[in-house]
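Only one structure is covered here, and it is reproduced in the block below.
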């Protein structure tokens, strides 16, 4: 799987195959801009917007 982060529309999960296949599109409900570089630590994805810090993981 390939995980992507957009500046305005949340995160996307794509299948690693020759044809485009979007597995998930997750919106965080934050209307501000995500300018910071995402970070990964201990199996969690950290995302910072202009308004908040998010931790995504199990």
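The values are calculated or read from the model by the stated rules, or taken from the named source; none is laboratory data. Note that the coordinates shown come from a computational prediction; the quantities given were computed from them, not determined experimentally. Heads up, the Cβs are rebuilt from the backbone with ideal geometry, glycines too, and the neighbour counts pull from every protein chain shown.
Could you check the chain for strands (runs of 3 or more DSSP E) lying wholly inside it with 2 or more residues that are loosely packed, with under 12 Cβ neighbours inside 10 Å?
Answer list for the chain: 22-26, 39-41, 53-56.
Quick check on my filter: what residues within segment 7-21 are free of Cβ contacts under 8 Å to residues at least 24 places away in the same chain and within 13 Å of the chain's Cα centre (by Cα)?
Selection gives 9, 10, 12, 13, 14.
I'm trying to understand the selection: among the residues of segment 1-16, which are modelled with pLDDT under 95 and over 21 Å from residue 49 (Cβ atoms)?
The answer is 1, 2.
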